[in-house]
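Data block below; observations after.
The values are calculated or read from the model by the stated rules, or taken from the named source; none is laboratory data. For clarity, every value in this text was computed on a predicted model and none was experimentally measured. Here the Cβ is made from the backbone with ideal geometry for all residues, glycine too, and neighbour counts use every protein chain on show. The protein model used for the area step is the full one, side chains on, heavy atoms only, and it has no ligands, DNA or RNA in it. Shrake-Rupley method; radii C 1.70, N 1.55, O 1.52, S 1.80 Å.
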Amino acid sequence: MSGPMEGIRILDLCSMMSGPWATDILGDQGADVIKIEVPGKGDHVRELSNQSNGMSAMFVNVNRSKRSMTLDLKNPDGVEVFRRLVATADVVVQNQRPGVVERLGVGYDDLVQYNPDLIYLSISGFGERGPASKQRVYDSLIQALSGLTTVQAGSDKERPRLIRTILPDKLTAVVGAQAISAALFARTRNGKGQHIRLSMLDAVLNFLWASDMGAYTFADKAVPLEEDGSFIDLIYKTKDGYITVATNTNGEWVAMCNALGHPEWTADERFSTPFGRKENINARLELIQSVLHDKTSAEWMEALTEHDVPSAPILTRGEVIVHPQVVASETVIEYHHDVAGKIRQTRVPARFLGTPPETPRGAPRLGEHNAEILAEAGFGAAEISALADKKVIGSENDPVPA
């Protein structure tokens, strides 16, 4: 596939979300991503609900632009096959619990002798050391241990809340894709591969420190109990729905007061400065909400837009995909998948004008590319047939060449 990552080959030993989406991002950008799966079983995500002709939506969405190969890494012959594939690759990515790939003989130290330039990304939940390092991990555990649930609650005194999307998994995927890109760039400078270690916990804590851990930034200062910024968020109810309005500068505050038909608010000393508006946040937001009940969302959006006030309607997921801005940006694309049928997804988000990526290729069937991948790595037809006979590779889809 074309794109800025064209010519890069990635062996993907990952399952679930964090690892698969990291490699999916790079596959969308042109990398040749080979997803290694357990014969006859595959990634657990293949079995999730919301399916079309046996293809689950989540699998289709985080494993597009890849080829699938089934390989039994618990079999020494399977490990040997994988090592031969490594010799042809640039990157290996795995998100097993610490110690698993080493026991299988496919850890970084096992593989670097077959490819000294190899870049190897290990993704874990909590890292390789510490009391939680060997624990099974899911997104909610990282949200809990990172403090994200109390950030979402708004205060240490309130009931913690989960973010209703698997943010730690997704964030780790984005950080992982960036780390691989950085390591590939470094290799062009120094000619060396490297082992990258990334934990979901580290990714989320780094993410939170940018804005939500400010009280802990200055190490000599005592930290009080985190209090509510406001008991009201920036979601306002209108006559027929909801909108959000955000004003940070003095100019935006004045413009909003005028848009809402209450220019007298600008003379209120409580709200005349950014500091005052923050100190009196509940009174300010209550005042805004008391007015927005009176008109529809469309009426308020027209007035706010006319006064250049940052605002947006609150959309349902079904409304998002037909919103004029999303349509104008051509963010959502549709194409045909040979198994799942008509697919709707987002395009590659970054627009590379010098190296434009192709339309993403649909997610692969389990073991769809076994023979193709092995032939590219120098395996003969007889070798491939023998591997299938010994169940080192699966025979789920592709016919073994004669």
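Here are a few things to note about the model shown:
- For the chain, the solvent-accessible area with a 1.4 angstrom probe is 52 square angstrom per residue.
- Between Thr316 and Asp268, the C-beta separation translates, for a Förster distance of 30 Å, into a calculated FRET efficiency of about 0.25.
- Karplus-based coupling profile of the stretch 295-310, in residue order and whole Hz: 10, 6, 4, 4, 5, 5, 4, 4, 5, 5, 5, 4, 9, 6, 9, x, with θ = phi - 60° in 6.51 cos²θ - 1.76 cosθ + 1.60 and x standing for Gly or Pro.
- Beyond 23 Å in Cα-Cα separation lie the following of the pairs Lys170/Lys237; Lys66/Lys390; Lys170/Lys342; Lys35/Lys391; Lys134/Lys157: Lys170/Lys237; Lys66/Lys390; Lys170/Lys342; Lys134/Lys157.
- Per-selection Kirkwood Rh - the stretch 108-155 (Cα, Å, 1 d.p.): 13.4 Å
- Near the amide H of Ile333, within less than 5 Å, lie the amide hydrogens of Gln345, Thr346, Arg347, all on another chain or at least 5 residues away, with H placed in the peptide plane.
- Nearest-10 value in Å² for the accessible area of Phe275, using the 1.4 Å probe: 150 Å²
- Around the amide H of Asn280, modelled in the peptide plane, lies no amide H under 5 Å away from a residue 5 or more places distant or on another chain.
- Angle of helix 18-28 to the longest C-alpha principal axis of the chain, folded into 0 to 90 degrees and rounded to 10: 80°.
- Computed from backbone phi with θ = phi - 60° and the Karplus coefficients 6.51, -1.76 and 1.60, the 3J(HN,Hα) list for the stretch 100-115 is 5, 5, 5, 5, 7, x, 10, x, 4, 5, 6, 9, 5, 5, 8, 7 Hz; x is used for glycine and proline.
- DSSP beta bridges confined to the chain are antiparallel in about 40 percent of cases.
- Mean shadow area of the stretch 262-402 over all directions, Cα convex hull, nm²: 16.4 nm²
- When you filter the trypsin sites (Lys or Arg not before Pro) in the stretch 216-303 for DSSP loop state and at most 12 other Cβ atoms inside 10 Å of their Cβ, you are left with Lys221.
- Solvent-accessible area of Ser124 with every protein chain in place, 1.4 Å probe, in Å² to the nearest 10: 10 Å²
- Ratio Rg/Rh, restricted to the chain and using Cα atoms, in which Rh is the Kirkwood radius: 1.05
- When peptides 325-335, 102-112, 165-175 are sorted by average Cβ neighbour count within 10 Å, with the highest value leading, the order is 165-175, 102-112, 325-335.
- Cα-based Rg and Dmax for the stretch 70-117, where Dmax is the largest Cα-Cα distance (Å): 10.1, 26
- Peptides 313-322, 192-201 ranked from most to least packed give 192-201, 313-322, packing being the mean of other C-beta atoms within 10 angstrom over each peptide's residues.
- Efficiency of FRET between Ser49 and Asp117 - r from beta-carbon atoms, R0 35 angstrom, step 0.05: 0.25
- Couplings 3J(HN,Hα) for the stretch 60-75, derived from phi with the Karplus relation 6.51 cos²θ - 1.76 cosθ + 1.60 (θ = phi - 60°), are 4, 7, 10, 9, 6, 6, 10, 10, 10, 10, 9, 8, 8, 7, 8, 9 Hz, where x marks Gly and Pro.
- The relative contact order of the stretch 30-99 comes to 32 percent, based on Cα pairs under 8 Å that sit 6 or more residues apart.
- Peptide packing: for 90-101, 125-136, the average count of neighbouring Cβ atoms within 10 Å per residue gives the ranking 90-101, 125-136, highest mean first.
- A full extension of the chain between Ala377 and Lys342 corresponds to an added length of 9.3 nm, given 0.36 nm per residue minus the alpha carbon distance.
- Annotation: amide H-H contacts under 5 Å for Ser124 (H modelled 1.01 Å from N, sequence separation of 5 or more, or interchain): Leu198, Ser199, Met200.
- Helix 167-190 vs. the chain, principal-axis angle (Cα, 0 to 90°, nearest 10): 60 degrees
- Solvent-accessible area, 1.4 Å probe, carbon plus sulfur percent, for the chain: 53 percent
- Relative to the longest principal axis of the Cα atoms of the chain, helix 250-259 runs at roughly 70 degrees.
- Look at the alpha carbon pairs under 8 Å that are at least 6 residues apart: their mean separation over the length of the chain gives a relative contact order of 21 percent.
- Ranked order, Trp265, Trp209, Trp21 - accessible area, probe 1.4 Å, largest first: Trp209, Trp21, Trp265
- Taking the stretch 66-187 and dividing mean pair separation by its residue count, relative contact order in percent (alpha carbons under 8 Å, at least six apart): 20 percent
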